[in-house]
Amino acid sequence: MRELPAVRAALAAEHAVLYGYGVVGGKIERGRRDEVREAYDSHRARRDTLQRRVRELGGTPRPAAAAYALPFPVPDGEAAVRLAAELEDRLAGAYADLVRATTGGRRRDAAAALREAAIRSARWRGGGVAFPGLAERASTPSEPPSGGSPGTPDPGAGAASGGHGRL
């Protein structure tokens, strides 16, 4: 995977994660709201960095979709915790692809983002996986139609698809 498509895929994943954390924040128990806020702020900073990186690589950053389809209903705090873990797992897949597509300092940055997603996922889930960013691929039988990473939002979704994306 070339660098620009991988950066765009990571940006699309960050857009989806930010939307998802909005849902998590609305349903999570009061005692964990600081964790949600901290994660949201971190993802917003990563999103901004990825938007700059797309421009540096000669591309135009795609905007976030107006809404994203959730992978499952989130009626309560328990489901919100599961969603937060799922968001981080899926994001780790996008960053694993970005690690593969980059070199030098950009690879270190992508690896740091992958590590952060894995740590957040483990905190939400109460345990980790052996290979963060690859776990969701073992349970996904095929590539999505966009050719992107399984479990990450379709980078072409969003404004071009009527404003709705996939988480």
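Going by the conditions given, is VAL24 touching a residue at least 12 places away in the same chain (Cβ under 8 Å), open to solvent by less than 10 Å² (accessible area, probe 1.4 Å), more than 29 Å from GLY126 (Cα to Cα) and out of contact with any strand residue (DSSP E or B) (no Cβ under 8 Å at 6 or more places or on another chain)?
Criteria not met by VAL24.
Among the listed residues ALA122, ALA110, which satisfies the condition of being assigned to a helix (DSSP H, G or I), open to solvent by less than 40 Å² (accessible area, probe 1.4 Å), modelled with pLDDT of 95 or more and among the hydrophobic types (A, V, I, L, M, F, W, C)?
Exactly one of ALA122, ALA110 is assigned to a helix (DSSP H, G or I), open to solvent by less than 40 Å² (accessible area, probe 1.4 Å), modelled with pLDDT of 95 or more and among the hydrophobic types (A, V, I, L, M, F, W, C), namely ALA110.
Give just the number: which of (1) touching a residue at least 40 places away in the same chain (Cβ under 8 Å); (2) over 19 Å from VAL23 (Cβ atoms); (3) open to solvent by 30 Å² or more (accessible area, probe 1.4 Å) does VAL99 not satisfy?
The single condition VAL99 does not satisfy is (1).
Tell me which residues, restricted to region 40-64, are open to solvent by 60 Å² or more (accessible area, probe 1.4 Å) and either over 21 Å from ASP89 (Cβ atoms) or β-branched (Val, Ile, Thr) (or both).
ARG52, ARG55, GLU56, GLY58, THR60, ARG62, PRO63, listed by residue number.
Would you check if ARG46 is out of contact with any Cys (no Cβ under 7 Å at 6 or more places or on another chain), without any contact (Cβ under 8 Å) to a residue 12 or more places away in the chain and not polar (S, T, N, Q)?
Against the criterion (out of contact with any Cys (no Cβ under 7 Å at 6 or more places or on another chain), without any contact (Cβ under 8 Å) to a residue 12 or more places away in the chain and not polar (S, T, N, Q)), ARG46 does not qualify.
The values are calculated or read from the model by the stated rules, or taken from the named source; none is laboratory data. This structure is a prediction, so every number in the text was calculated from the model and none was measured. A quick note on method: Cβ atoms are made from the backbone with ideal geometry, for glycine too, and the neighbour counts reach across all protein chains shown. Protein only, heavy atoms only, side chains kept; ligands, DNA and RNA dropped before computing areas. Shrake-Rupley method; radii C 1.70, N 1.55, O 1.52, S 1.80 Å.
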